[in-house]
Amino acid sequence: MTAGAPALDVDGLSASYGHLRALFDVSFSVDPGAAVALVGANGAGKSTVARVVTGLVPAGAGRVRIGGTDVTGRHAWEIARRGVTHVTEGRSVFSSLTVEENLVLTFRATLGRAGVGAALERSFAAFPRLGERRGQSAGTLSGGEQRMLALARALGSPPKLLVVDELSFGLAPVVVEQVYAALDRVRDEGCALLLVEQHVDRALRLADRVVVLRKGRVVADGPPAELAPKLDELVLGPGPG
Ligand SMILES: Nc1ncnc2c1ncn2[C@@H]1O[C@H](COP(=O)(O)OP(=O)(O)OP(=O)(O)O)[C@@H](O)[C@H]1O
Ligand SMILES: [Mg+2]
């Protein structure tokens, strides 16, 4: 960790899937304790940025720095050890285990046996619904409850940088509010956030900055108040004619 360095600094990043180039010269940064919303249309490259940052997809060119340390080319587990947690798209829970078993398994690995009790309490305080369902197998939870569980697992030991991909996709509005309240709290605790979001309006209320991706390139980067009025055009590009 270099004092004063951004929590995340992405510099000139490119990435490809086989012959398909997904990112072109992407640069932006997230200050410690700040929240950046990464927005863009389907296929713009948002999830790819998240995957390169957390080591799931290799960078073709450019650098990724976490707290000032260059982690380009590092394994996902090495990046995770530096305090970076990625809640990926979709339902990342063990469906045959109960809610509580999912949490205990994760917290034992990240916090050790002694830290499990406090982390469980934290989770159930943040998401009372999970407390009510603690004995239920995760596979029988609703989609929204599974996303909540995935987030609770990530927040047991508050990361330095939390990368969340489409966390609120398909969730009922009341659940979206609970999820965002939890994100607000972790940011208050000093965690930096990179939010990939569908619910752009909700993400912009939390974000300090917005980065807009279009066809794999950054087309805007600025404060939400400045970009919100022209966000549709930035996301979709100039219309025909
Ligand atoms: N595993 C993969 N293999 C091949 N191509 C991929 C893969 N994942 C993504 N792509 C392609 O890379 C480009 C960027 O995709 P990405 O998933 O990063 O977009 P996105 O902005 O997250 O979109 P969405 O809003 O639909 O989640 C798209 O053209 C997509 O088809
Ligand atoms: Mg995506």
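Criterion applied to Arg51, Arg65, Arg82 was being modelled with pLDDT under 95 and either touching a Cys at 6+ places or on another chain (Cβ under 6 Å) or charged (D, E, K, R) (or both), and the one residue passing it is Arg82.
Restricting attention to the stretch 154-164, the residues that are buried (at least 23 other Cβ atoms within 10 Å of the Cβ), modelled with pLDDT of 90 or more and not β-branched (Val, Ile, Thr) add up to 2. Could you figure out which of (1) of a type outside the set (A, V, I, L, M); (2) modelled with pLDDT of 95 or more; (3) at negative phi isn't true of Gly45? The number of the failed condition is (3). Restricting to the stretch 59-86, name every residue that is crowded, with 20+ Cβ neighbours inside 10 Å and either within 16 Å of ligand 1 (Cβ to nearest atom) or part of a helix (DSSP H, G or I) (or both). Ala59, Val64, Ile79, His86, listed by residue number.
Pairs meeting the criteria (first residue in the stretch 8-19 and over 13 Å from Val49 (Cβ atoms) and touching a residue at least 60 places away in the same chain (Cβ under 8 Å), second residue assigned to a strand (DSSP E or B) and of a type in the set (A, V, I, L, M, F, W, C), beta carbons under 9 Å, at least 6 apart or on different chains) are lacking.
Among the residues examined, Val179 does not qualify as within 16 Å of ligand 2 (Cβ to nearest atom), buried (at least 17 other Cβ atoms within 10 Å of the Cβ), closer than 26 Å to Thr48 by Cβ and of a type outside the set (D, E, K, R). Residues that are closer than 26 Å to Gly12 by Cβ and in a loop (DSSP other than H, G, I, E, B) within the stretch 192-241 comprise Glu197, Ala207, Asp208, Lys215, Gly216, Pro223, Gly237, Pro238, listed in sequence order. Look at Gly117 and say whether it is small (Gly, Ala, Ser), surrounded by fewer than 16 Cβ atoms within 10 Å (Cβ to Cβ), without any contact (Cβ under 8 Å) to a residue 40 or more places away in the chain and in a helix (DSSP H, G or I). When the stated conditions are applied, Gly117 passes them. Residue selection: Ala119 satisfies the criterion of being modelled with pLDDT of 90 or more and not β-branched (Val, Ile, Thr). Summed over the stretch 13-24, the residues that are surrounded by fewer than 22 Cβ atoms within 10 Å (Cβ to Cβ) and touching a Leu at 6+ places or on another chain (Cβ under 7 Å) give a count of 1. Can you name the residue in the stretch 26-52 that is of a type in the set (Val, Ile, Thr) and within 20 Å of Arg202 (Cα to Cα) and is also nearest to ligand 2 (Cβ to nearest atom) among such residues? Of everything passing the filter in the stretch 26-52, Val39 is nearest to ligand 2 (Cβ to nearest atom). Scanning the stretch 181-190 for residues that are part of a loop (DSSP other than H, G, I, E, B) and touching a Gly at 6+ places or on another chain (Cβ under 7 Å) turns up just one, Gly190. Collect the residues in the stretch 53-95 that are within 16 Å of ligand 2 (Cβ to nearest atom), of a type in the set (A, V, I, L, M, F, W, C) and touching a residue at least 40 places away in the same chain (Cβ under 8 Å), keeping them in residue-number order. Listed by number, the residues that qualify are Val53, Val57, Val87. Checking each residue in the stretch 121-180 for being within 16 Å of ligand 1 (Cβ to nearest atom), free of Cβ contacts under 8 Å to residues at least 40 places away in the same chain and either on the phi < 0 side of the Ramachandran plot or in a helix (DSSP H, G or I) (or both) picks out Ser168, Leu171. Among residues of the stretch 213-233 that are closer than 28 Å to Gly60 by Cβ, those with a Cβ under 7 angstrom from a residue that is among the aromatic types (Phe, Trp, Tyr), sequence gap 6+ or separate chain, pair up as Gly216/Phe24; Arg217/Phe24; Val218/Phe28; Asp221/Phe28.
The values are calculated or read from the model by the stated rules, or taken from the named source; none is laboratory data. Predicted, not measured: the structure shown is a model, and the values here were computed from it. Backbone-built Cβ (ideal geometry, glycine too); neighbour counts: all protein chains shown.
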